[in-house]
Structures are given as C-alpha cells and as structure tokens.
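Below is one structure, written out as structure tokens, with a few remarks after it.
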Amino acid sequence: MTTFHYQQLPSMKEVYRGALRLRRPKLTAQLPAHRSEVGGVTTPLARLQSYRALCGIPDDGMLPLLWPQVLATPLGGVLLAQPDMPLPMMGLVHVENSVSQWHPISQSAALDMQCYLAGPFPARKGVHIQITTNAFLDGECVWQSVITALARRKRPDLPDPADIVDPFDGFEDPEREKVRFFAHEGVGRDYARVSGDWNPIHLHPWLARPFGFPRAIATGMWTLATACALHQFPSEPMTLHCRFRRPVFLPAEAIVRSYQRKKATRFDVWTTDGEKPSLRVLAMQGQPAEQPPMFRT
C-alpha cells in the first residue's frame with residue numbers, strides 16, 4: 001500500500017492534470033491500494049461564509065454537515081488521478097453519498113483527514129467504486145463520507161438484486177412540507193469558486209454539450225446542501241444518505257418534498273419539469289455506527 005502524505009491539502013491543479021490523462025477503462029481491475037492523508041486542516045472562514053451564503057446555511061459556529069467533503073475534495077481527487085488508476089476520472093458519475101457525523105465540529109477545528117478507495121463492485125449499469133474520507137479530531141473520528149461513483153459499461157441493464165432492502169422505503173405517509181428554491185444559470189460557477197470543483201459540465205452550456213448535456217447542470221453537492229439547509233437540521237450526530245437520480249439542468253426551479261418517520265426524514269428534490277426526483281435523501285438523527293479507527297503508518 002502506498003500512502004501519500006501531504007503537509008497541506010493538495011492543489012486541484014494537480015488533480016486536474018491527472019484527470020486529463022487519457023486511458024482505456026479497465027472495469028474489472030482492482031483499484032490500487034493507495035491512500036492519502038493530511039493533518040491539521042483548518043477552514044478558511046471567508047470561504048466558509050461564501051459557502052453558507054450560497055447554500056442558505058445559517059452560521060451557528062459549527063461546520064456544516066457537508067463542508068468537510070468540500071475541504072477533502074482534492075484529497076480524494078489525487079487518488080483518482082494516479083497513473084495506475086484503471087478507471088478514467090472524467091468518466092466517473094457521482095451516484096450516491098453517505099455522510100456520518102459523530103460530533104458537531106467547531107468551524108475553528110484543525111482536522112486530520114484520511115482518504116482511500118475501494119472497488120470495483122458490480123452494478124446495474126457498470127461498476128461502482130467508493131471514495132471514503134475520514135476526519136479526525138484528537139485521534140477520534142468525528143466525520144466520514146463515502147462517495148459511490150459509477151463507471152458505465154456498454155451492456156444491457158441488469159435487474160436490481162431482489163434481496164436488497166431499500167432504506168428509502170417505508171415513508172408512505174403524506175408529505176410533511178413542500179418548499180421551493182431556485183438554481184440560477186450561474187450557480188455552478190459560484191459553487192466552483194467556493195468548492196474548487198471546476199467540472200466543465202457545471203459551468204456553461206457550451207462546456208456541458210461535449211459531455212452530452214444540453215445545458216449546464218447544477219453541482220449535486222450544492223443541490224444537496226441547499227435542500228438540507230431548508231430543513232434546518234441541528235448540529236448534532238446524524239447520518240445522511242443521498243442518491244443522485246437525474247441532473248438538475250440550469251436554470252431550474254426545484255421543489256423539496258419531505259416525509260417524516262420518527263427521527264428519520266426523507267426528502268426528494270424535484271425540478272418543475274421532471275418526471276422523477278433528481279435527488280432522494282434520507283437523514284437520520286442520532287449516533288451513527290461505530291467510528292472507524294485512524295490508519296497508523
């Protein structure tokens with residue numbers, strides 16, 4: 001196993017240089033056993049305030065639930081951009097995201113972060129890989145993100161396994177509330193300035209068209225953060241699961257429909273022109289499962 005140690009978060013320029021490297025996808029090849037880590041990561045408060053304003057998140061002195069993932073984006077990116085990575089980074093599609101928070105994190109905290117890859121795993125439309133990021137405070141894991149990305153395979157779709165229990169089921173009660181928010185044409189560029197995610201499909205229609213999109217699409221993590229902010233979840237232990245179902249083409253008006261079951265809230269994000277939800281989210285308050293340990297090298 002190779003561990004990439006950084007004194008500070010790597011640059012996204014390094015990530016994008018690797019992402020542009022041409023390679024033939026090898027969908028069945030095991031991912032290299034690499035991990036990346038960096039210590040003492042602090043949050044630039046001006047950048048955080050811009051993120052809060054863009055996503056509608058109030059300032060309570062704690063890090064927003066999804067903010068550590070914004071910080072850690074280049075840490076996972078350098079692993080995906082390695083020369084021995086069998087899947088091209090530019091072809092991966094972000095399809096699911098799970099976030100666990102064991103303790104609220106002060107916005108002044110200095111986090112130690114570690115990231116690693118797993119996969120590939122068979123999926124209906126190709127193969128999945130997972131990018132796991134753990135954030136530690138004084139040696140204790142306080143936050144974790146598991147991103148699931150799809151590498152597509154040119155073959156007929158296979159049926160979903162029948163024995164999988166869908167955690168999004170069981171919310172047949174009438175919707176608790178319905179709220180709307182607007183995604184303007186330039187929100188992808190605004191999000192790129194605070195997150196460092198300059199994926200061209202989010203920036204301009206003419207940059208999105210070569211990738212098969214008629215218009216620019218909203219960054220999924222901005223849509224998720226904005227929808228979460230509307231629910232005003234308190235800064236406390238919780239787990240969040242999200243499935244990205246279809247793009248939000250810009251500009252768009254989004255509708256959030258919420259359903260409640262005890263301490264769990266499911267909410268779907270629709271666009272006014274959509275026949276299916278763009279995002280499906282399950283938020284569960286309370287302590288997540290057992291905290292992962294820190295890798296020691």
Compactness ratio of region 22-89: Cα Rg over 2.2 N^0.38 Å, N = residue count?
-> 1.50
Taking K and R as +1 and D and E as -1, what net charge do the other residues with C-beta under 12 Å from the C-beta of G196 add up to?
-> +1
Phi-based couplings in Hz for region 268-274 (Karplus 6.51, -1.76, 1.60; Gly and Pro marked x) | 10, 10, 10, 9, 5, 9, x
Most exposed first by the Cβ proxy, i.e. fewest other Cβ within 10 Å, how do I255, I147 rank?
-> I255, I147
Once the dipole of the chain is set up from charges on Cβ (+1 Lys and Arg, -1 Asp and Glu), the residue from the list G186, L20, G220 lying farthest towards its positive end is L20
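List the trypsin sites (Lys or Arg not before Pro) within region 24-72 that DSSP assigns to loop and that have no more than 15 neighbouring Cβ atoms inside 10 Å.
On the way: sites: K26, R35, R47, R52; in loops: K26.
Answer by residue number: K26.
What Kirkwood Rh does region 76-161 have if only Cα atoms enter the pairwise 1/r average? Answer in Å.
Details: mean 1/r = 0.0687 Å⁻¹.
Computed over region 76-161, the radius equals 14.6 Å.
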How big is region 1-147 by Rg and Dmax over its Cα atoms, in Å?
-> 15.9, 47
Only Lys, Arg, Asp and Glu count, each charged at its Cβ (+1, +1, -1, -1), so figure out the dipole size of region 180-226 about its Cα centre, rounded to 20 debye.
-> 100 debye
Residues whose modelled amide H sits under 5 Å from the amide H of H94, counting only those 5 or more places away in sequence or on another chain, are L150
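What is the magnitude of the charge dipole of region 227-267 about its Cα centre, with +1 placed on the Cβ of each Lys and Arg, -1 on the Cβ of each Asp and Glu, and no other charges, expressed in debye to the nearest 20?
For region 227-267, the charge dipole is close to 320 debye.
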Going from the fewest other Cβ atoms within 10 Å to the most, one would list W198, W143, W206 as W206, W198, W143
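Summarise the long-distance tail of P(r) for region 230-297 by giving the % of C-alpha pairs beyond 20 Å. Walk me through the numbers before you get to the answer.
Working: 972 of 2278 pairs.
Of the Cα pairs, 43 percent sit more than 20 Å apart.
Given charges of +1 on the Cβ of Lys and Arg and -1 on the Cβ of Asp and Glu, with all other atoms neutral, how large is the dipole of the chain about its Cα centre, in debye to the nearest 20?
Values: 33 positive and 27 negative charges, 249 e Å.
Magnitude of the dipole: close to 1200 debye.
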Say the dipole of the chain comes from +1 at the beta carbon of Lys and Arg and -1 at that of Asp and Glu; which of A123, L65, P292 then lies farthest toward its positive end?
-> A123
For region 131-136, Karplus-derived ³J(HN,Hα) couplings (6.51, -1.76, 1.60; θ = phi - 60°; whole Hz; x for glycine and proline) come out as 10, 9, 10, 10, 10, 10
Mean-square fluctuation maximum in Gaussian network of the chain, Cα pairs under 10 Å, restricted to G188, G56, G76, hits G56
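Every number in this text was worked out from the coordinates using simple rules, so none of it is lab data. Remember, predicted model here, so these are calculated numbers, not experimental data. Note: ideal-geometry Cβ built from the backbone for every residue, glycine included; neighbour counts use all protein chains shown.
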